[in-house]
1. From the list B:S27, B:S62, which residue is modelled with pLDDT under 85 and either within 19 Å of the chain's Cα centre (by Cα) or among the hydroxyl-bearing types (S, T, Y) (or both)?
2. Criterion first (surrounded by fewer than 23 Cβ atoms within 10 Å (Cβ to Cβ) and under 30 Å from B:L262 (Cα atoms)) does A:L120 satisfy it?
3. Scan the helices (runs of 4 or more DSSP H) fully inside the range B:72-132 and keep the ones with 1 or more residues being β-branched (V, I, T) and more than 9 Å from chain A (Cβ to nearest Cβ).
4. Among the residues of the range B:34-43, is there at least one that is touching a Phe, Trp or Tyr at 6+ places or on another chain (Cβ under 7 Å), of a type in the set (A, V, I, L, M) and either within 30 Å of B:T183 (Cα to Cα) or free of Cβ contacts under 8 Å to residues at least 24 places away in the same chain (or both)?
5. Taking A:A267, is it more than 30 Å from A:S105 (Cα to Cα) and more than 23 Å from the chain's Cα centre (by Cα)?
6. Taking B:F233 and the conditions (1) touching a Phe, Trp or Tyr at 6+ places or on another chain (Cβ under 8 Å); (2) among the aromatic types (F, W, Y); (3) closer than 19 Å to B:L80 by Cβ, which numbered condition does it fall short on, given that it satisfies the others?
7. Please specify each residue of the range B:157-212 satisfying the condition of being within 11 Å of another protein chain (Cβ to nearest Cβ), of a type in the set (K, R) and without any contact (Cβ under 8 Å) to a residue 12 or more places away in the chain.
Amino acid sequence: MSTTAPDFNLRASGRVRRRQAVNRLSLLAASGSAVLAVAVLLLLIVSVIVKSAGALNLDFITQTPAAFGQTGGGIANALVGTGLLILVAMAMAVPIGVFAGIYTSEFARPGPSAIVRLVLDVLNGVPSIVIGIFIFGLLVVGHHQSGFAGSVALAIIMLPIIARSTQEVLALVPGTVKEAGLALGISRWRTFLAVVLPAAYGGIITATLLGVARVAGETAPLLFTSSIAPNTVTTNVSQALPSIPVTIFTYSESPNPEQHQQAWAAALVLIVFVLLISIVARLFAARARRRALGR
Amino acid sequence: MLAAGFCVVLVGLLAYKVFDQAGSAISTFGLGFLGNSTWNPVINKYGAADFIYGTAITTAISLALAAPLAIAIALYLTELAPRVLRTPIATLVEMLAAIPSVVIGLWGILVLGPFMQAHLEPWLHSVLGWIPLFDGDPSQVGLLSAILVLTIMVVPIVSAVTREIFVTCPPELKEGALALGATRWEMVRTVMLPYARSGIVGAVILGMGRAVGEAIAVTQVIGGTAGIHASLFGSGDTLASRIASQYQGATSNLQISSIAYLGAILLVIALIANLIARLIVSGVRRPRTGFAS
């Protein structure tokens with residue numbers, strides 16, 4: 001029994017222990033932050049689902065808003081209005097955005113390309129309410145609010161998103177493929193049409209969908225351009241069109257609990273639409289990436 | 001090409017038209033508009049000081065809350081999360097950015113507001129009431145609600161950009177730190193954070209652009225009253241929310257022009273913030289990724 005225990009010990013102590021504790025604490029905090037973010041998302045979605053339960057039924061999407069003092073009613077007018085606003089905005093923003101994206105990534109010299117990219121980034125950073133003021137001054141002052149003005153405002157918000165995403169997909173198409181086309185003696189434009197565009201086609205659809213997802217919920221640019229709208233289903237874009245985001249906004253400011261419930265239900269419709277589009281866009285993006293890189 | 005030229009012209013026209021509409025307010029009030037806190041349609045006098053204060057305080061505090069949270073989330077996603085969970089959690093955080101602001105605002109008034117009045121604000125008051133920020137009567141709407149709503153909207157933006165930068169951090173540097181006996185946190189603190197520092201600054205400025213320009217959700221929860229007071233529990237107004245709340249109420253041309261003036265201030269702030277952020281972020285990404293590969 002003369003063997004003595006070694007006089008050192010492998011358990012952390014003192015400084016090392018403190019360092020390990022700090023380490024564990026900070027990593028725990030990082031994990032906690034991620035949990036918090038996901039929890040907030042779930043809390044939001046669950047609130048919307050729970051609170052809209054009473055108002056969501058077939059009438060809600062097929063009826064127009066109830067007359068003052070009556071109950072029930074729906075948001076059919078806003079659904080049609082939002083659909084129309086988005087379609088008209090797409091008709092303007094998709095061609096311009098896609099062509100601007102093609103130009104900067106395929107045909108422009110580095111200088112002009114950098115300028116256009118910068119301008120698109122700047123446009124992307126302009127607060128949407130300021131775009132509302134711009135279109136108010138351009139198309140509403142001296143005339144009146146119209147669905148067309150609202151669509152133009154939405155198109156301006158879509159434009160940089162579509163152009164930048166188009167650029168990004170086109171940049172994924174390998175240079176060797178383009179060079180192979182050019183080496184066959186085909187012009188740059190034909191090479192682009194026959195080789196680059198088919199590879200990037202899915203990506204351009206993604207770009208469009210991302211743009212739609214972004215503007216579907218935009219309220220601020222519509223306040224000044226298309227907010228004072230009738231309670232009936234209308235497809236006349238020369239008059240103000242009702243829309244889902246503006247409906248949610250006005251109902252949420254109302255003191256009437258029934259309108260609150262309708263606002264929640266409209267929010268649910270909007271969220272489902274936006275998230276579905278985002279998911280489809282992601283799927284297309286993944287496919288486009290595989291395609292562009294040669295399956 | 002025509003389309004690209006059109007984009008350039010469009011931005012020019014946008015700036016021109018906003019300043020053009022603000023013209024009569026700019027010539028009437030001049031730069032004094034920025035320092036004047038009257039907003040009175042009855043005597044037709046307008047100033048932006050209260051809203052500049054509201055924008056500054058809500059943006060500053062929401063960024064102070066959002067930045068550490070977002071960096072921590074980016075850290076979790078690049079370093080800690082099990083590989084199978086990384087993409088799903090990153091997607092969920094990005095979905096938070098996809099939720100329309102009007103829906104977050106709706107949640108802000110009807111769910112967050114009552115909770116603030118009943119629980120959070122009384123608690124903050126009892127614990128931190130000696131700080132003027134947390135003094136005053138709890139209420140459903142106010143600056144603090146706006147700050148929390150903005151935080152929710154800014155976190156996903158900052159964390160997405162920060163994550164992209166963390167991913168490009170050269171593994172040999174991280175491994176080097178670990179091999180020297182650093183704990184994981186020490187590796188993060190001494191290698192990853194310094195590496196990503198300027199990128200994070202860019203990301204936060206990008207988030208600032210978003211917070212400054214957010215109109216709808218803030219209008220819904222902030223209460224919409226002019227006035228400068230220290231308490232975060234009281235209501236206020238920001239540049240963007242004042243514009244949004246006046247959309248139907250403007251009566252005189254000078255009032256409309258003053259609203260456009262607020263928009264012009266917003267435009268200038270957003271442009272400067274965005275340009276700085278883009279310069280920093282793109283400046284970081286290009287040389288460093290080249291170095292890492």
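1. None of the other options fit; the residue is B:S27.
2. The answer is no for A:L120.
3. Here the list reads B:83-98, B:121-128.
4. Within the range B:34-43, not a single residue is touching a Phe, Trp or Tyr at 6+ places or on another chain (Cβ under 7 Å), of a type in the set (A, V, I, L, M) and either within 30 Å of B:T183 (Cα to Cα) or free of Cβ contacts under 8 Å to residues at least 24 places away in the same chain (or both).
5. It is false that A:A267 is more than 30 Å from A:S105 (Cα to Cα) and more than 23 Å from the chain's Cα centre (by Cα).
6. Here B:F233 clears every test but (3).
7. Result: B:R189, single match.
Results for (1) free of Cβ contacts under 8 Å to residues at least 24 places away in the same chain; (2) in a helix (DSSP H, G or I); (3) at the interface with chain B (Cβ under 7 Å from one of its Cβ atoms), shown as yes or no for each residue.
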site: A:P230; (1), (2), (3): no, no, no
site: A:Y251; (1), (2), (3): yes, yes, no
site: A:E258; (1), (2), (3): no, yes, no
site: A:A267; (1), (2), (3): no, yes, yes
site: A:L276; (1), (2), (3): yes, yes, no
site: A:R290; (1), (2), (3): yes, yes, no
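The values are calculated or read from the model by the stated rules, or taken from the named source; none is laboratory data. Remember, predicted model here, so these are calculated numbers, not experimental data. Don't worry about glycine lacking a Cβ; one is built from the backbone with ideal geometry, like all the others, and counts go over all protein chains shown.
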